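Visitor: First the structure, then my questions, so here it is.
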Amino acid sequence: MIRIIFVRHGQTAWNDLGLYQGHTDVPLDKAGLEQAFKAAQRLKSEKLSAIYSSDLLRAKQTAEIIAAEHNLPVTPMAEFREINFGVWEGKTYKEINELYPQLLQTWLSEPENLKIPEGETFSEMLNRVWKGLKNILAKHQDETVILVAHGGTIGALICNILEIKLINLWRIKQGNTGITIIEFYQEKGILTLFNDTHHLQIS
């Protein structure tokens, strides 16, 4: 059995403003750094073999703060990037709805199929994320690892593991530094903890 602790990255200024980030490399803001330190304290008693992250800065920063409690390096992997939102990046939901209303409605009803202009589909994103996950599973039999990634990537993985359609992404919330734990028996996963953010309530 392999135990993977998934952590969504801390807050960024774009999160706070409601802007779609995707592959845009936005750093953590002050609140996000504080969230990452609280997550690190929450996870410091875990016996870890490795820490992985998306190669985007907001995920790497979160992972590095967690890793400091374990004296472990962070291994960044591009496979775990957020979905590429293409021309939607840097825009709010309202702006996207005004500029691309038909595309947005298709994206909300069939997220696995719509390719955002200059971006990718959720199916394409899931394929690369699942490939990265399989590489981790192959390396860490009977171990616990942390993977810091994004709301979209973690949500897509959960859909695939639970064998539910990607449209259910919109029903899966991942708060900033939300912790989700999945135990894997080969490639079959059992969800044991979901979106735990109680560490953010500790002053």
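Visitor: Say we look at segment 170-192 and pick out the residues that are closer than 20 Å to Ala138 by Cα and among the aromatic types (Phe, Trp, Tyr); which of these is modelled with the lowest pLDDT?
Guide: My answer is Tyr185.
The rows are residues; the columns are (1) surrounded by fewer than 17 Cβ atoms within 10 Å (Cβ to Cβ); (2) touching a residue at least 40 places away in the same chain (Cβ under 8 Å); (3) not acidic (Asp, Glu).
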position	(1), (2), (3)
Ile96	no, yes, yes
Pro101	yes, no, yes
Leu114	no, no, yes
Pro117	yes, no, yes
Asn127	yes, no, yes
Glu143	yes, yes, no
Gly151	no, yes, yes
Trp170	yes, yes, yes
Gln174	no, yes, yes
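Visitor: Same structure, new question: Give the number of residues within segment 170-195 that are over 19 Å from Thr12 (Cα atoms) and either in contact with a Gly (Cβ under 8 Å, 6 or more places away or on another chain) or outside any helix (DSSP H, G or I) (or both). Walk me through how you get there before you give the answer.
Guide: First, the residues of segment 170-195 that are over 19 Å from Thr12 (Cα atoms): 170-172, 180-194.
Keeping just the survivors that are either in contact with a Gly (Cβ under 8 Å, 6 or more places away or on another chain) or outside any helix (DSSP H, G or I) (or both) gives 172, 180-194.
The qualifying residues number 16.
Visitor: Here is a follow-up. In this structure, does Leu137 turn out to be closer than 22 Å to Phe194 by Cα, at pLDDT 95 or above, touching a helix residue (DSSP H, G or I) at 6+ places or on another chain (Cβ under 8 Å) and not small (Gly, Ala, Ser)? Don't jump to the end; show me each part of the working.
Guide: Working: closer than 22 Å to Phe194 by Cα: yes; at pLDDT 95 or above: yes; touching a helix residue (DSSP H, G or I) at 6+ places or on another chain (Cβ under 8 Å): no; not small (Gly, Ala, Ser): yes.
When the stated conditions are applied, Leu137 does not pass them.
Visitor: If Ile167 passes every condition in (1) modelled with pLDDT of 95 or more; (2) touching an Asp or Glu at 6+ places or on another chain (Cβ under 8 Å); (3) in a helix (DSSP H, G or I) but one, which one does it miss?
Guide: (1)
Visitor: Being within 21 Å of Ile51 (Cβ to Cβ) and touching a Phe, Trp or Tyr at 6+ places or on another chain (Cβ under 8 Å), is that true of even one residue in segment 181-195?
Guide: Yes, segment 181-195 has at least one match.
Visitor: Taking into account only those residues within segment 4-41 that are among the charged types (D, E, K, R) and surrounded by fewer than 19 Cβ atoms within 10 Å (Cβ to Cβ), which is nearest to Leu157 (Cα to Cα)?
Guide: Let us first name the residues in segment 4-41 that are among the charged types (D, E, K, R), namely 8, 16, 25, 29-30, 34, 38.
Then drop every residue that is not surrounded by fewer than 19 Cβ atoms within 10 Å (Cβ to Cβ), which leaves 16, 25, 29-30, 34.
Values: Asp16: 25, Asp25: 22, Asp29: 26, Lys30: 28, Glu34: 26 Å.
Among them, the one singled out is Asp25.
Visitor: Give, as residue ranges, the strands (runs of 3 or more DSSP E) completely inside segment 1-111 that count at least 1 residues that are touching a Pro at 6+ places or on another chain (Cβ under 8 Å) and more than 21 Å from Leu169 (Cα to Cα). Let's see the steps before the verdict.
Guide: Numbers: elements: 2-8, 50-54, 74-77.
Ranges flagged: 50-54.
The values are calculated or read from the model by the stated rules, or taken from the named source; none is laboratory data. What you see is a predicted model, and the numbers here were worked out from it, not measured in a lab. Using ideal geometry, Cβ is built from the backbone for each residue, glycine included, and neighbour counts are taken over all protein chains shown.
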